[in-house]
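So the structure is just underneath, and the comments pick up after that.
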Amino acid sequence: MENQVNGNQFRDEEIVIMSHWDKNKEEWVRTVYPKIGGRLRLAHEDNDNLSIITEIIKYDENIAVVRAVSTTTKGSFPGIGMSPARSGMTRLHLSSWNWQKPALSQGY
């Protein structure tokens, strides 16, 4: 089922819409980002064999940084995400993950 807002298979609760002021255009710009939960759901639905290896790089009262490598039948995809700690809870917004297949020299 296609989502009206983002034109893809992410559910409404699996996306976040962020706005920022574009100085060049002099207008507000809205950008749709998928949350990691939606990406994981689609990865599980599209792959019979899925492996996700995670590593906590840093976790303290200020920030959480996590690195992950997802391996599917299409290849291995590294990602890294970070989030500030809020109200004693840390929420990871991993929308900036790089889902490009890594070069062999990257050691993944």
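The residue that is surrounded by the most Cβ atoms within 10 Å (Cβ to Cβ), counting only those in segment 56-65 that are assigned to a strand (DSSP E or B) and not small (G, A, S), is V65.
On inspection, T73 passes the criterion of being exposed (fewer than 10 other Cβ atoms within 10 Å of the Cβ), more than 21 Å from R11 (Cα to Cα), of a type outside the set (A, V, I, L, M, F, W, C) and touching a residue at least 12 places away in the same chain (Cβ under 8 Å). Considering only residues that are closer than 23 Å to M82 by Cβ and among the charged types (D, E, K, R), which ones fall in segment 8-36? E13, E14, R30, K35 - these are the residues of segment 8-36 that are closer than 23 Å to M82 by Cβ and among the charged types (D, E, K, R).
Within segment 96-108, is even one residue in contact with a Ser or Thr (Cβ under 6 Å, 6 or more places away or on another chain), surrounded by 11 or more Cβ atoms within 10 Å (Cβ to Cβ) and at pLDDT below 85?
Checked against the condition, which is being in contact with a Ser or Thr (Cβ under 6 Å, 6 or more places away or on another chain), surrounded by 11 or more Cβ atoms within 10 Å (Cβ to Cβ) and at pLDDT below 85, segment 96-108 yields at least one hit.
What do you reckon, is V29 under 13 Å from the mean Cα position of the chain (by Cα) and in a strand (DSSP E or B)? Taking the combined requirement at face value, the residue does not satisfy it. On inspection, K25 qualifies as basic (K, R), modelled with pLDDT of 85 or more and loosely packed, with under 13 Cβ neighbours inside 10 Å. Filter segment 64-86 down to the residues that are more than 16 Å from the chain's Cα centre (by Cα) and closer than 20 Å to V16 by Cα, then identify the one that is modelled with the highest pLDDT. Checked segment 64-86; the qualifying residue modelled with the highest pLDDT is A85. Considered as a group, the residues in segment 39-55 that are more than 17 Å from V66 (Cβ to Cβ), touching a residue at least 12 places away in the same chain (Cβ under 8 Å) and assigned to a helix (DSSP H, G or I) include one that is farthest from the chain's Cα centre (by Cα), and that residue is D46.
The values are calculated or read from the model by the stated rules, or taken from the named source; none is laboratory data. Here the structure is a predicted model, which is why all the values come from computation and not from measurement. Cβ sites come from the backbone with ideal geometry, for glycine too, and all protein chains shown count toward neighbours.
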